[in-house]
Amino acid sequence: MTDPGQAFEPATGDGAGDTSPGRDAELRTAYEGLLQIRRLVNGPAGAAVPAPWELRQPSRAVALVLEAAGIPPSALDADGSRSRTGYRVTASGSGAGRVEVAWVGPPSGGAAAEEQERLKACAAVLEELGWVCLLYRGPRRRRFLEVEPPH
């Protein structure tokens with residue numbers, strides 16, 4: 001459980017995978033807060049587009065949306081090796097305000113076989129909340145989403 005006064009950290013897919021009691025409640029509260037902030041600061045667009053804080057912290061915002069949608073994040077074990085298949089959110093090298101979402105997992109864990117379907121599911125969730133998602137094929141022919149705010 002998050003310490004009082006400490007912000008909720010959504011799972012980016014590069015952590016150990018927080019399974020602490022109360023995490024689900026904290027996740028719901030954080031996601032509801034995201035939607036409420038959108039309604040308050042976005043004027044007529046309301047919850048349909050990212051709020052200014054999301055544009056300053058897109059990795060955190062995208063990870064929060066994916067985790068709240070019930071899409072599993074990847075995780076690392078104590079040695080830093082992938083221990084669970086799921087999404088991984090990282091800053092994009094192609095520009096500020098953009099992030100990449102990849103579908104990764106342990107070696108020979110089948111992540112590559114399911115990545116297109118799973119990334120399309122990630123894109124559907126993100127696009128519903130106003131993010132623009134483009135599916136690319138990167139190194140070793142692995143797919144990833146580039147996620148950016150609306151223009």
### Query
After finding the eigenvalues of the alpha carbon gyration tensor for the range 1-150, what semi-axes result from the square roots of 5 times each, listed largest first in whole Å?
25, 20, 12
### Query
So what does Val49 come to for accessible area, using a 1.4 Å probe and Å² rounded to 10?
40
### Query
Sorting Tyr31, Tyr87 by accessible area (1.4 Å probe), largest first, what list results?
Tyr31, Tyr87
### Message
Keeping all protein chains in place and using 1.4 angstrom, which order do Asp79, Asp18 fall into by accessible surface area, from largest down?
### Response
Asp79, Asp18
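The values are calculated or read from the model by the stated rules, or taken from the named source; none is laboratory data. Remember, predicted model here, so these are calculated numbers, not experimental data. Each accessible area value is taken on the protein alone, full model and side chains, heavy atoms only, with ligands, DNA and RNA left out. Shrake-Rupley method; radii C 1.70, N 1.55, O 1.52, S 1.80 Å.
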